[in-house]
Amino acid sequence: MSSQQVAPRKSARTRTLALVAAGVLAAAGITGLAVRGAAADPTLPPLTPAELLGKVAAAQVDGLSATFEQRSDLGLPALPSDLGDAGNDLSSALSLLTGTHTVRVWLAAPDKAKVALVDGTTESSITRNGSDVWAWSSTKQEAVHSTLDARGPKPARTPTSPSTAIKDLLDKLSPSTDVATSGTGYVAGRAVYQLLLTPKDEDTLVSQVRVSIDSERFVPLGLRVIADDGQDAVTVAATYVDYGVPAASLFDFQPPTGVTVTEHKADGSKPSKVGGKPATRPKTSGSGWATVAVMRVRQTGKDDQQAKVLLDSLPVVSGAWGKGRLLSTSLVNAVVTDDGRIAVGSVVPERLYQALAAK
């Protein structure tokens, strides 16, 4: 692994991201930006990339209270004007992928965590306290209560801090990535090492990822994703960090009086269903940054017409694999085929076509 900084790659090829891939970006974890202040960069003991990654892997904290600022500029295409109420709902969902948002995090190892998305006077949060998990929406005035089954997997709604998400990302992507150190800086007033990740595969739309790592606790405090046009696509920066253990009362969620509460057993034993039949697992090809997922979906009900209007607004693409529509932003491409398949990946369209053709 090189310790030299690598300049972002630039490409003349078309860069696109699917609207339907919004969930993929969200599941990949929260990203962030190392913010440099007016002060000179700190002088820290030199560490090789391998040493720095090893310290990140071994890092443990008993508690954490932090505030992160998330900013996104994905170049999402404009939605058609005739989507009706469905268009308003989709615009609201996609707003999480645009603009600036505030995320607050509280952790008390090993089984207490709270993550809250705060926008003005509204809040959406997920809180874990032992085996209890609460999902809360102040806008909808709804709360969902789940009980963890120690024998089963953790549910998707179990809260994960930005730092943990970044750490998991590093573990998964290091085999397909050139890793280098890239100086030092400050995040939320704390001295940080800068780690530079450059994908090895030229067909990915990600040019670089820059991670900021606390120089004392070795907890990731920020990460910046740069698309292959050299522009920042998604960033999140910690603006406040405290490693003290939060008060236990922060994790004791009590739904307000009159709020609708839904009980859900999160044991992971029941497969999800689409159209009355078990949903098929996505098939993947490629690896690392160039992974492509292909899945089959079925749509039924009143939303079909709005979905058709949305798809008809997108460019038509075709090949030996069939015919479909290409949905576009700056980090991920997606193709929705006429025969009900979706191919998604942070890759050039040709990689998606190859995956669709390999039945």
_Karplus-derived HN-Hα couplings along region 102-118 (A = 6.51, B = -1.76, C = 1.60, θ = phi - 60°), whole Hz, x at Gly and Pro_ = 10, 10, 10, 10, 10, 9, 9, 4, x, 9, 10, 7, 9, 10, 10, 9, 10
*asked:* Apply the Karplus curve 6.51 cos²θ - 1.76 cosθ + 1.60, θ = phi - 60°, to the phi angles in region 338-351 and return the couplings in whole Hz, x for Gly and Pro.
replied: 5, 8, x, 10, 10, 10, 10, x, 8, 9, 5, x, 4, 5
*Taking a 1.4 Å probe, which of Lys55, Lys114 shows the most accessible area, and what order do the others take after it?*
Lys55, Lys114
*Can you list the aspartates and glutamates whose alpha carbon is less than 18 Å from that of Lys200, not counting same-chain residues fewer than 8 positions off?*
Asp171, Asp178, Asp228, Asp229, Glu350
*For Gly183, residues with placed amide H under 5 Å, excluding near neighbours*: Gln194
_If I ignore ligands, DNA and RNA and count only protein heavy atoms, how much of Arg217 is accessible to a 1.4 Å probe, in Å² to the nearest 10?_
100
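The values are calculated or read from the model by the stated rules, or taken from the named source; none is laboratory data. Computed from a predicted structure; not experimentally measured. All accessible areas refer to the heavy atoms of the entire protein, side chains included, with ligands and DNA or RNA removed. Shrake-Rupley method; radii C 1.70, N 1.55, O 1.52, S 1.80 Å.
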